[in-house]
1. What ranking of THR142, THR127, THR236 emerges when the number of other C-beta atoms within 10 Å of each C-beta is taken as an exposure proxy, fewest first?
2. Sort 79-85, 250-256, 263-269, 15-21 by packing, meaning the average of other beta carbons within 10 Å per residue, with the highest value first.
3. Of PRO95, GLN196, GLY113, which is farthest on the positive side of the dipole of the chain, counting Cα position, with +1 on Lys and Arg Cβ, -1 on Asp and Glu Cβ, and the Cα centre as origin?
4. If each residue's Cβ is checked for other Cβ atoms within 10 Å, how do TRP273, TRP230 rank with the fewest at the top?
5. Karplus couplings for segment 197-203 from phi (6.51 cos²θ - 1.76 cosθ + 1.60, θ = phi - 60°), rounded to Hz, Gly and Pro as x?
6. At a Förster distance of 30 Å, what's the computed FRET efficiency of ALA212 paired with GLU8, Cβ-Cβ distance as r, to 0.05?
7. Would you work out the charge dipole size for segment 159-297 about its Cα centre, treating the Cβ of every Lys and Arg as +1 and the Cβ of every Asp and Glu as -1, and quote it to the nearest 20 debye?
8. Let me have the 222 nm mean residue ellipticity of the chain computed from DSSP H runs of 4+ only, each contributing -39500 (n - 2.57), with the sum over all residues rounded to the nearest 500.
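Bear in mind these aren't lab numbers, they're just calculated from the coordinates by the rules spelled out. Just so you know, these numbers come straight off a predicted model, no measurement behind them. Note that each Cβ is placed from the backbone with ideal geometry, even for glycine, and that neighbours are counted across all protein chains shown.
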Amino acid sequence: MDARLSAEQLELRDAAAKLADDLGPRSVLDLDDEARRARLEKAVAATGWRTLRSDAASGVEVAIVAEEFARGLVDVPFPGPVLADALAPGGALLPAGGAATIVVDGVAPDARGYARGIELSDSTVLTGPLRATATSVDLTRTAAVPDGPFKPVGQISAAHAARWRALALVLTSAEMLGAARGAQALACDYAKIRAQYGKTIGSYQAVSHPLAEGLALIEGSISVLRYAAWAVDALTPAAAIRAAKLAKVYCAHAARTICETSIQVHGGIGNTWDCLAHVCLRRVLAANGLLPVRLEEISSGLS
């Protein structure tokens with residue numbers, strides 16, 4: 001495995017980062033800005049990134065976009081439609097080839113603007129209408145529930161189902177890593193400008209050391225996630241799932257630690273609604289709760 005990103009992957013990362021920086025929310029109040037969200041939705045739809053798997057993109061490329069979107073707290077659907085497309089490329093199993101978002105454990109966690117859901121049960125693909133969208137723990141998402149029982153529309157191979165599950169775990173891990181990077185950046189920026197006793201708080205070891213630990217956790221997360229994303233297409237389905245589970249466990253622990261540190265670095269303001277750090281933490285917690293993995297499931301000598 002070559003851990004370096006190709007020139008095309010670097011361009012994809014830069015494009016996703018620019019879109020997130022230009023149109024993503026800069027404050028908690030921005031989450032209620034429908035005009036901004038409409039521009040963001042139009043821009044994301046124009047990229048065609050929601051059908052990356054249909055366009056033969058690798059797991060690495062899907063993870064790159066998911067990570068940058070989470071870092072910028074992009075609040076229009078991406079993980080849900082991408083996983084739906086990976087399950088039924090090009091809407092092949094959907095009525096009239098329509099669009100859908102993914103349903104997991106009876107909930108569509110990324111359903112804003114989508115009226116149809118699709119889910120996987122063993123190797124059977126099911127689909128049906130959605131209803132009752134509502135804001136979830138993740139303030140950048142709206143959730144929905146099935147409007148009645150879903151109907152089976154086709155079968156996929158066991159290998160396809162396993163690789164899809166590995167991709168889903170990788171994508172949720174990328175979401176956590178991206179949100180953690182966003183929280184780390186918020187904390188570092190604040191530590192550079194907040195002064196106490198005549199010095200910026202970032203000059204004190206009690207602040208700088210936890211931030212340095214956060215950077216180390218981010219670097220470790222990048223490594224384990226990059227390998228798992230590569231494994232989705234390059235290794236056997238069983239090996240890909242194992243790598244994805246390791247990434248999920250590692251990224252979950254690292255991301256939560258980084259987000260909580262960011263809140264602490266912000267001091268009193270970090271515990272207020274106006275601080276974006278809690279939005280990052282919410283995104284991490286929501287991503288961790290989607291297809292959760294326990295350490296006991298992984299036989300790797302970890303303790």
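1. Working: THR142 19, THR127 24, THR236 12.
The fewest-first ordering by Cβ neighbours comes to THR236, THR142, THR127.
2. Numbers: 79-85: 26.9, 250-256: 24.3, 263-269: 16.4, 15-21: 18.1.
Answer by packing, highest mean first, reads 79-85, 250-256, 15-21, 263-269.
3. So the residue furthest toward the plus end is GLN196.
4. Working: TRP273 8, TRP230 20.
The most exposed by this proxy come first: TRP273, TRP230.
5. 6, x, 10, 5, 5, x, 7
6. On the way: r = 33 Å, r/R0 = 1.08.
The pair ALA212/GLU8 has a calculated efficiency of 0.40.
7. On the way: 14 positive and 9 negative charges, 27 e Å.
Its charge dipole is roughly 140 debye.
8. Working: 8 runs with 161 residues, N = 303.
For the chain, the value works out to -18500 deg cm²/dmol.
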